[in-house]
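What follows is a set of notes on a single structure, which appears directly below.
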Amino acid sequence: MFRLAHLSDIHLGPLPGVTYRQLASKRITGYINWQRNRRRNLHEGVTERLLSDMASFEPDHVAITGDLVNLALDAELEMAQLWLESLGPSHGVSVVPGNHDAYVPGALERACRTWDKWMRADMAPAITTRHGFPYLQRRGPLAVIGVSSAVATAPFMASGSFSSEQARGLAELLEKAGAENLFRVIMIHHPPVRGATATHKRLYGIRRFQKVLRKAGAELVIHGHTHLATTHWIAGKDGRVPVVGVAAAGQGPGSSKPAAQYNLFDIDGKPGAWRLTLQRRGLKGEAIDPVTIASEDLR
Ligand SMILES: [Fe+2]
Ligand SMILES: [Fe+2]
């Protein structure tokens, strides 16, 4: 059995000292938004409680689907790097960026450079983006495939994009990993499912993503961005593929979104007859320690 833990949307806080100059452009609206909402509802202590609960389940690998930070200031990217270091050897953790990690033009570049250790390819397709997506990492029976949907957007927008170059790269990696009988997990920040988010937060390229899956197949898709614990299904090559979201790991109680959760996937069986179960763990009510919120048989 292989155990994969899935965390997302840490939105690490608090924001470091911010100068007026750094608040140029989109960051002004983001900073006001953070002061109003996120500062109140996103608690560091909450993430720490999730992490120690997660460690007690001894996951074989940890997947983090983006939005590690808020405004993608250099100091935040470095803080997130230290936080990633604290999770253990980088070989055990995979990351894809979210829209908050690519908050303004140039931020994605810096995030990818700072977090390179956690996004490094064992195998890259013939065509990748200039930041090296998609990438493939072999971990046990898994092919962990990282896709980037993160792009800098205008103020008040939080949309993402799945480009045609990534579609070609993803198809190539899925086919290779499928031929090696690996259990293929795709990580992407934005949900590749129609109607899963408001229009200004949506992924552009959903149809393109789903076309790749119908042609090449996959065993599991995991995403963040919505801060919701959802399971959708999309068509794959050999049957339907679960698309699993997770509540934000940095979310404190008392917000309209569910309090902090993470997902534990247990993968068992063999190629053609995989078994996949999902346990959602997180904060509930007044309890200090995370509890099991839900369990689902996905395959
Ligand atoms: Fe987020
Ligand atoms: Fe997001």
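The figures follow:
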item: Those residues of the range 179-195 which are outside any helix (DSSP H, G or I) and away from ligand 1 (no atom under 14 Å from the Cβ), in sequence order; result: Glu180, Asn181, Leu182, Phe183, Arg184, Val185, Ile186, Met187, Pro192, Val193, Arg194, Gly195
item: Filter result for the condition that a residue is over 21 Å from Leu4 (Cβ atoms), surrounded by 16 or more Cβ atoms within 10 Å (Cβ to Cβ) and not hydroxyl-bearing (Ser, Thr, Tyr), over Ala63, Ala102; result: Ala102
item: Yes/no for Ala158 being in contact (Cβ under 8 Å) with a residue 12 or more places away in the chain, assigned to a strand (DSSP E or B) and in contact with a Lys or Arg (Cβ under 6 Å, 6 or more places away or on another chain); result: no
item: Subset of the range 82-99 that is touching a strand residue (DSSP E or B) at 6+ places or on another chain (Cβ under 9 Å) and surrounded by fewer than 16 Cβ atoms within 10 Å (Cβ to Cβ) - its residue that is farthest from Ala177 (Cα to Cα); result: Gly88
item: Residue in the range 131-147 that is in contact with a Leu (Cβ under 7 Å, 6 or more places away or on another chain), open to solvent by less than 10 Å² (accessible area, probe 1.4 Å) and part of a loop (DSSP other than H, G, I, E, B) present; result: yes
item: Considering residues of the range 157-211 that are more than 16 Å from ligand 2 (Cβ to nearest atom) and of a type in the set (Val, Ile, Thr) only, the residue nearest to Asn70 (Cα to Cα); result: Ile186
item: Condition check for Ala198: free of Cβ contacts under 8 Å to residues at least 24 places away in the same chain, small (Gly, Ala, Ser), away from ligand 1 (no atom under 16 Å from the Cβ) and out of contact with any Leu (no Cβ under 7 Å at 6 or more places or on another chain); result: no
item: Residue within the range 117-139 that is in contact (Cβ under 8 Å) with a residue 24 or more places away in the chain, in contact with an Asp or Glu (Cβ under 6 Å, 6 or more places away or on another chain) and within 16 Å of ligand 1 (Cβ to nearest atom) present; result: no
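The values are calculated or read from the model by the stated rules, or taken from the named source; none is laboratory data. No experiment lies behind these values; they were computed from the predicted model shown. We place every Cβ from the backbone using ideal geometry, glycine too, and count neighbours over all the protein chains shown. Just the protein is used for accessible areas: all its heavy atoms, side chains included, with ligands, DNA and RNA removed. Shrake-Rupley method; radii C 1.70, N 1.55, O 1.52, S 1.80 Å.
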